[in-house]
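Undergrad: Structure provided below as structure tokens; questions to follow.
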Amino acid sequence: KNSCLTPCVRGGSGRYSSAMREIIFDTETTGLQPSEGDEIIQIGALHVIDGHIQADLAFEALIDPQRAINPESEKIHGITPAMLAGKPTLSRVLPEFHTFCADTVLLGHNVAFDMRFLQIKEATTGVVFTQPVVDTLLLAAVAYPNQPHHSLESSMALLGVEIEHRHSAYSDAVATAQVFLKLLPLLAERGIITLGQAIEASKKTPFARLVY
């Protein structure tokens, strides 16, 4: 937990003494109630290594949820049942995603929502994500404690992040990665430079009480 959030500089040479590997990920779902049977229909993720987005190290998958999509959710992400016909189920996709995430820190925006879907599936799939998890929504609340809203849209606007296409899992993961990298110097100004410090600071924000 004491690994640096950004590459640690050794002395004044500018050489890195350690590197952090993060997976920034996002999901699209059939609805907003994981505890009531909603399912993941898309996962998008990419690596951030040494503080740099690695777009060529990406994971994208559409998933057959084997249930209906809430019309309100479909309006947001635009994923239709026809697009999911014949796609693999989550039980096939999750082991692949788990391998993709090996030996990394998981990051997402309002990631408690995404992690709840993954946790519910632990019993049936046997796939358990045990690595540290960091929420950029909570980091934004640490960096900007007086801001009333910390949605991905609000954080993007505040930090000057622009993404051409939104609301696919991968494009939102890219947006989250850019928000994360913009937050790092702001967190450093508050003395938060390690993973452990970021997790502890995140726990103290009111938004950490969100439960799904």
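Undergrad: Kindly list, by first and then second residue, each pair from a residue in the stretch 27-50 that is on the phi < 0 side of the Ramachandran plot and without any contact (Cβ under 8 Å) to a residue 40 or more places away in the chain to a residue that is open to solvent by less than 20 Å² (accessible area, probe 1.4 Å) and assigned to a loop (DSSP other than H, G, I, E, B), limited to pairs with Cβ atoms under 9 Å and residues at least 6 apart or on different chains.
TA: Pairs found: I49/M20.
Undergrad: Answer yes or no: is there a residue in the stretch 92-115 that is closer than 19 Å to P34 by Cα, open to solvent by 60 Å² or more (accessible area, probe 1.4 Å) and touching a residue at least 12 places away in the same chain (Cβ under 8 Å).
TA: Looking through the stretch 92-115, none of the residues is closer than 19 Å to P34 by Cα, open to solvent by 60 Å² or more (accessible area, probe 1.4 Å) and touching a residue at least 12 places away in the same chain (Cβ under 8 Å).
Undergrad: Right, S155: more than 15 Å from E22 (Cβ to Cβ), in a helix (DSSP H, G or I) and polar (S, T, N, Q) or not? Even if it seems obvious, please write down each step before you answer.
TA: Values: more than 15 Å from E22 (Cβ to Cβ): yes; in a helix (DSSP H, G or I): yes; polar (S, T, N, Q): yes.
Answer is yes for this residue.
Undergrad: Okay, moving on. On the given criteria, is I192 in a loop (DSSP other than H, G, I, E, B) and open to solvent by less than 40 Å² (accessible area, probe 1.4 Å)?
TA: On the way: in a loop (DSSP other than H, G, I, E, B): yes; open to solvent by less than 40 Å² (accessible area, probe 1.4 Å): yes.
Answer is yes for this residue.
Undergrad: Filter the stretch 124-152 down to the residues that are assigned to a strand (DSSP E or B) and hydrophobic (A, V, I, L, M, F, W, C), then identify the one that is least open to solvent (accessible area, probe 1.4 Å).
TA: Filtering the stretch 124-152 for residues assigned to a strand (DSSP E or B) gives 133-135.
After this cut, where a residue has to be hydrophobic (A, V, I, L, M, F, W, C) as well, the list is 133-134.
Working: V133: 51, V134: 5 Å².
Per the criteria, the residue is V134.
The values are calculated or read from the model by the stated rules, or taken from the named source; none is laboratory data. As the structure is a computational prediction, the values presented were derived from the model and not from experiment. Glycine also receives a Cβ, built like all others from the backbone with ideal geometry; neighbour counts cover every protein chain displayed. To get the accessible areas, we keep the full protein, side chains included, count just its heavy atoms, and leave off ligands, DNA and RNA. Shrake-Rupley method; radii C 1.70, N 1.55, O 1.52, S 1.80 Å.
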